[in-house]
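Visitor: Next up is a structure, given as structure tokens.
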Amino acid sequence: MWTVDKLWEFRFGIVPYPKERVLNYIKDVDSWIKMKSSYEGMSWYYEKFPEYTLDFFDDPENEDLSPPLLFDAD
């Protein structure tokens with residue numbers, strides 16, 4: 001019975017834990033798709049699990065909070 005429980009946990013995304021999953025997804029750079037965003041930021045979604053998104057916003061009042069330069073700003 002324990003095996004069936006673990007399979008259901010994996011199927012519903014409970015295992016591995018969301019924090020572990022997102023850390024692995026961030027490493028999979030090629031699977032992040034840029035999506036339409038506001039003029040103040042950039043956004044991507046993870047192609048395999050689109051409920052995971054990355055949003056970077058520029059704060060015009062704070063120069064220290066600009067979007068990172070490692071992403072292409074197309």
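Visitor: Given H placed on each backbone N at 1.01 Å, which residues far from V15 in sequence or on other chains put an amide H within less than 5 Å of it?
Guide: Hits under the 5 Å cutoff: F10.
Visitor: Next question, about the same structure. For segment 29-37, take each phi angle, set θ = phi - 60°, evaluate the Karplus expression 6.51 cos²θ - 1.76 cosθ + 1.60, and give the result in whole Hz per residue in order, putting x for glycine and proline.
Guide: These are the phi-based 3J(HN,Hα) values: 4, 5, 9, 8, 10, 6, 10, 4, 9 Hz.
Visitor: Hey, can you find the accessible area per residue of segment 20-63 for me, probe 1.4 Å, expressed in square angstrom?
Guide: Working: 3380 Å² over 44 residues.
Per-residue accessible area for segment 20-63 comes out at 77 Å².
Visitor: Among rounded, prolate and oblate, which fits segment 1-49 when a ≥ b ≥ c are the square roots of the eigenvalues of its C-alpha gyration tensor, a/c under 1.5 means rounded, and a/b larger than b/c means prolate? Before the final figure, lay out each step's value.
Guide: Numbers: a/c = 3.44, a/b = 3.03, b/c = 1.14.
Prolate shape, in that a/c is at least 1.5 and a/b is the bigger ratio.
The values are calculated or read from the model by the stated rules, or taken from the named source; none is laboratory data. Since we're looking at a predicted model, the values are computed, not measured. Keep in mind that these areas ignore ligands, DNA and RNA; they rest on the heavy atoms of the full protein, side chains included. Shrake-Rupley method; radii C 1.70, N 1.55, O 1.52, S 1.80 Å.
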